[in-house]
Amino acid sequence: MGQGLRAIDCDLHPWVPGMQALAPYLDEFWRDQITERGITQLDSQSYPLNAPLTTRADWRDARGEAPHSIEALRAQALDPWGTEIGILNCLYGVQLVLNEDMAVTFTRALNDWVRAEWLDRDPRLRASIVLPLQSVERAVEEIERLADDRRFVQVLTLAMGEQPLGRRQYWPVWEACVKHGLPLAIHAGSAYRNPVTSIGWPSWYLEDYVAQAQGFQSQLASLITEGALTKFPELKVVLLESGVSWLPGFLWRLQKTWKGVRFEVPWVNRPPAEIVRDQVRLSVQPFDVPEDAATVARLLDHLRSDAMLLWASDWPHAQFEGDARIPAGLPPALLPKLMWDNPLATYGRIRATVTEGVSA
């Protein structure tokens, strides 16, 4: 299903083989620091290297490791599916670093590594600017540093960090996003400053991964109730690897409660569901809905929008087998919007490149 359709893949994950890969993009002091401190990896518990979910078995290399070359990306994701544009969202664990200067430096090197080793090597690729939210000021600086390179089409944060993303301390970052036409992407993952569940630390990876939906709900509630989405009505928010089925029930509860206590958030001047339909988008991997068409149709009816969903393979995460890159049950009539029209409407920089011939 979906063969022959134009496609934009909204969630691809370039894998960093280790800190030595970033060394050429660090100054001499920090190159010495990673050696002296023995910093070899920044892999996150959100995606343990050997977990089956982290990398599909048939996409691992001969050593059983996650693919970390552009050749693997081409062979496994871009070429087989005829993907015209793919957005790279690097999940290397720079958000885990507590030292602010180190975090900013490593994040800057990561963005430069993505640009040199991936964007410069395939014209189909775009990328997210990974943000060092350990410092709001430096996060804005990183946006300003990279904004002129229009191959960077959004900014990237994790679902669970130090503070809810709607808090006013982050508003200068979202203002910079609007200034440069960059959506805010929130991806599954944690900086592990706080427990990943509302009742404490879990015991198992299964709990951690499933609890990500709670993080997305909390971030969405924060962005709405703090007034960030009202303050920045042009800001698009893209939820990546969040699942989809939780959203209608969450919106129903949020909006019902808002009707009763809206006097405490007078700046939320529209129903939350309307705000979400206008400004929030979700990728369809994982598509956490039973595969029968009737159930999927009911979910889409609850969303009350055919503009909210974006296609993503989530390469190399193990979300599907073989070439079943389109979740089962989605109506064929939706696929052109899912795979092309909706991403173009979301990513203004891609739209300009495709429809106006603007150089990337």
Any idea how many residues of the stretch 8-37 are in contact with a Pro (Cβ under 9 Å, 6 or more places away or on another chain), over 23 Å from residue 157 (Cβ atoms) and either of a type in the set (Asp, Glu) or open to solvent by less than 10 Å² (accessible area, probe 1.4 Å) (or both)? 0
All-but-one check, residue 296 against (1) surrounded by 15 or more Cβ atoms within 10 Å (Cβ to Cβ); (2) touching a helix residue (DSSP H, G or I) at 6+ places or on another chain (Cβ under 6 Å), failing number (2)
Among the residues of the stretch 60-85, write down those that are hydroxyl-bearing (Ser, Thr, Tyr) and either closer than 17 Å to residue 18 by Cβ or not in a loop (DSSP other than H, G, I, E, B) (or both). 69
Can you pull out the residues in the stretch 160-212 that are in contact (Cβ under 8 Å) with a residue 24 or more places away in the chain, open to solvent by less than 30 Å² (accessible area, probe 1.4 Å) and part of a loop (DSSP other than H, G, I, E, B)? 161, 165, 166, 182, 183, 191, 196
Buried (at least 18 other Cβ atoms within 10 Å of the Cβ) and not in a helix (DSSP H, G or I): which single residue out of 95, 154 fits that description? 154
Can you confirm whether the stretch 277-292 contains a residue that is at pLDDT below 95 and among the aliphatic types (A, V, I, L, M)? yes
I'm checking my understanding of the structure. Among residues of the stretch 280-293 that are touching a helix residue (DSSP H, G or I) at 6+ places or on another chain (Cβ under 9 Å) and touching a residue at least 40 places away in the same chain (Cβ under 8 Å), which one is most open to solvent (accessible area, probe 1.4 Å)? 288
Which is outside any loop (DSSP other than H, G, I, E, B) and either among the acidic types (Asp, Glu) or open to solvent by 70 Å² or more (accessible area, probe 1.4 Å) (or both), of 270, 253, 277? 253
Here the residues within the stretch 330-352 that are part of a loop (DSSP other than H, G, I, E, B) and open to solvent by less than 20 Å² (accessible area, probe 1.4 Å) are 330, 347
Within the stretch 22-59, take every residue that is in a loop (DSSP other than H, G, I, E, B) and over 22 Å from the mean Cα position of the chain (by Cα) and give me the one that is modelled with the highest pLDDT. 26
If we keep just the residues of the stretch 299-316 that are at pLDDT below 95 and part of a loop (DSSP other than H, G, I, E, B), which is least open to solvent (accessible area, probe 1.4 Å)? 305
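The values are calculated or read from the model by the stated rules, or taken from the named source; none is laboratory data. Please read these numbers as outputs of a predicted model, since none were measured by experiment. Glycine gets a Cβ as well: all are built from the backbone with ideal geometry, and neighbour counts include every protein chain shown. Side chains included, ligands, DNA and RNA excluded: accessible areas come from the protein's heavy atoms. Shrake-Rupley method; radii C 1.70, N 1.55, O 1.52, S 1.80 Å.
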